[in-house]
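Below: one structure, written as structure tokens.
The values are calculated or read from the model by the stated rules, or taken from the named source; none is laboratory data. Since this is a predicted model, take the numbers as computed values, not measurements. Counting neighbours? That spans all protein chains shown, and the Cβs are built from the backbone with ideal geometry, glycine included. Keep in mind that these areas ignore ligands, DNA and RNA; they rest on the heavy atoms of the full protein, side chains included. Shrake-Rupley method; radii C 1.70, N 1.55, O 1.52, S 1.80 Å.
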Amino acid sequence: MALGFAGLGLMGEPMALRLCRSGHPITVYNRSRRPLDTLRTHGARIAHSPDALFGLCDTVILMLADDVASDAVIGRSRPEFGRRVEGRLIINMGTHRPAYSRALEADVQAAGGCFVEAPVSGSRPSAEAGTLVAMLAGGSDAMERAAPLLKPMCREIIRVGVVPMALAMKMAVNLYLVSTVAALAEAANLASALGLDLELFRSVIASGQLGSEVAAAKLAKIAHRDFSPQASIRDVCRNAALVAGTANEAHAPSPMLDQARRVFDAALADGSGALDMAAVVSAFTAADAR
């Protein structure tokens, strides 16, 4: 199977590298050159346009930033859309509104292609280690074809039903994640204000019932002031807005998410957008100063 991969961002680059290192030959496309050079050194073939990518591949994985980027690469609403997707399996691993994914599946199928959505839970270190958790939705035959291709990137692949149930699941997971990290940063700020050693605070959290990979990783970043991005504040704000919109459409109250969005938006406004989501702690220290 000729496999293509579009979108070599913070998550996409290590995911594509996992595919290369698994021995699966892939063709990659990305707008910026730097990650293309990295992938080329690991044996990937480079497509310099979306047309070239789809022309060389019968399965294409999309890991793109948003609806606009995905539509641009796939050629949606343009004459080239049909020839790009006809007879091909499209696996969308990006984060989008469930309604967008449902409409995209309908368009791909109408053009003679197959569609699977496979958003993932995890951050850049998870992508580097191949320990992402994928949520898979689509037709049974399409999921059977897609699942083996995801294994080099994922420690677990969970089938959740038809499109858009995987992205619906991702919305619920992201609500929990965003709210949890905001609360964790608030707690770390209190610990610091009380003069506590943040490494000891981290140890207490990690050793008890509240321990998790997320808590350990984000508290380490806060304690050492290392905010190199694993999941950036800018991406968190975008994803949280998608969750809020989805919750509103479902008439599901989301007061904790609303509060978390305020502190992440404050960190973004203060210029921390490119930093890791743990840098949201700055929103609390800035509030203290004010």
Kirkwood Rh and Cα Rg combined as Rg/Rh, region 118-197 = 1.18
Percent antiparallel among DSSP beta bridges with both residues in region 1-155, to the nearest 5?
-> 15
For region 45-156, the charge dipole (Cβ of Lys, Arg +1; Cβ of Asp, Glu -1; about the Cα centre) points to a positive end, and the Cα of Pro125, Met63, Thr95 closest to that extreme belongs to Pro125
Roughly how many debye, to the nearest 20, is the charge dipole of the chain about its Cα centre, given +1 on each Lys and Arg Cβ, -1 on each Asp and Glu Cβ, and no other charges?
-> 500
Determine the per residue accessible area of region 177-218 with all protein chains present and a 1.4 angstrom probe, expressed in square angstrom.
-> 57
Report the extension gain between Ala216 and Lys151 in nm, rounded to one decimal, defined as 0.36 nm multiplied by the number of residues separating them, less their alpha carbon distance.
-> 20.8 nm
Quickly estimate the mean residue ellipticity at 222 nm for the chain, helices only: each DSSP H run with n ≥ 4 gives -39500 (n - 2.57), and the total goes over all residues, rounded to 500.
-> -17000 deg cm²/dmol
Of (1) 19.8, 63; (2) 20.7, 73; (3) 20.7, 65, the label for Rg and Dmax of the Cα atoms in Å derived from the coordinates = (1)
Extension reserve of the Ala183-Leu56 stretch, reckoned as 0.36 nm per residue once the Cα distance is removed = 41.1 nm
Any idea of His224's accessible area? Nearest 10 Å², probe 1.4 Å.
-> 120
Ser77: accessible area at probe 1.4 Å, nearest 10 Å²?
-> 120
Grab the alpha carbons of region 189-286, take their convex hull, and tell me the volume per residue in Å³.
-> 109
Once fully extended, how much extra length lies between Leu194 and Asn248, figured as 0.36 nm per residue of separation less the alpha-carbon to alpha-carbon distance?
-> 15.7 nm
Neighbour-limited loop hits for trypsin sites (Lys or Arg not before Pro), region 206-244 (at most 13 other Cβ within 10 Å; DSSP other than H, G, I, E, B) = Arg225
Once you put a point 7 Å from the Cα of Ile158 and another 7 Å from the Cα of Ser77, both along the Cβ direction, what distance in nm separates them?
-> 3.4
So for Ile90, Ile205, what's the accessible-area order with a 1.4 Å probe, most first?
-> Ile205, Ile90
Any chance you could check the Cα centroid distance between region 33-53 and region 108-171 for me, in angstrom?
-> 23
